[in-house]
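What follows is one structure encoded as structure tokens, with my remarks underneath.
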Amino acid sequence: MNYGKWRPFIQVMGGAQRMLSDNVSHYPLAEDVGGGVDRKFQFLFMHHFSWRVQFDYMHTHLLAATQNDIRGSTGLVWRF
């Protein structure tokens, strides 16, 4: 949904990966929750481009070890 030149978004991802160690399988879990906003350009030749600002929270878990990270990113988006 657009709000003028602004387009907010959210994302939720999750998954598992099979890891084999000493003939024992482990399945670490990972979750990623984030969101951000795109600001559409209104120039003549740039109507397919936006500028994105995004932040994510990532959580991974393997056996007794957990890791929590925050990621921020920004950049040019081409929509087609």
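The values are calculated or read from the model by the stated rules, or taken from the named source; none is laboratory data. Note that the structure is predicted; figures quoted are calculated from it, not measured. For neighbour counting, all protein chains shown are included, and Cβ atoms are generated from backbone atoms with ideal geometry for every residue, glycine included. The protein model used for the area step is the full one, side chains on, heavy atoms only, and it has no ligands, DNA or RNA in it. Shrake-Rupley method; radii C 1.70, N 1.55, O 1.52, S 1.80 Å.
Here are the numbers for the structure shown:
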item: Identity of the residue in region 26-48, open to solvent by less than 60 Å² (accessible area, probe 1.4 Å) and part of a strand (DSSP E or B), that ends up farthest from ASN2 (Cα to Cα); result: HIS26
item: Test set (1) more than 16 Å from the chain's Cα centre (by Cα); (2) modelled with pLDDT of 95 or more - PRO8 fails condition number; result: (1)
item: Close pairs from region 9-31: first β-branched (Val, Ile, Thr), partner in a strand (DSSP E or B) and open to solvent by 70 Å² or more (accessible area, probe 1.4 Å), Cβ under 6 Å, at least 6 apart; result: VAL12/VAL33
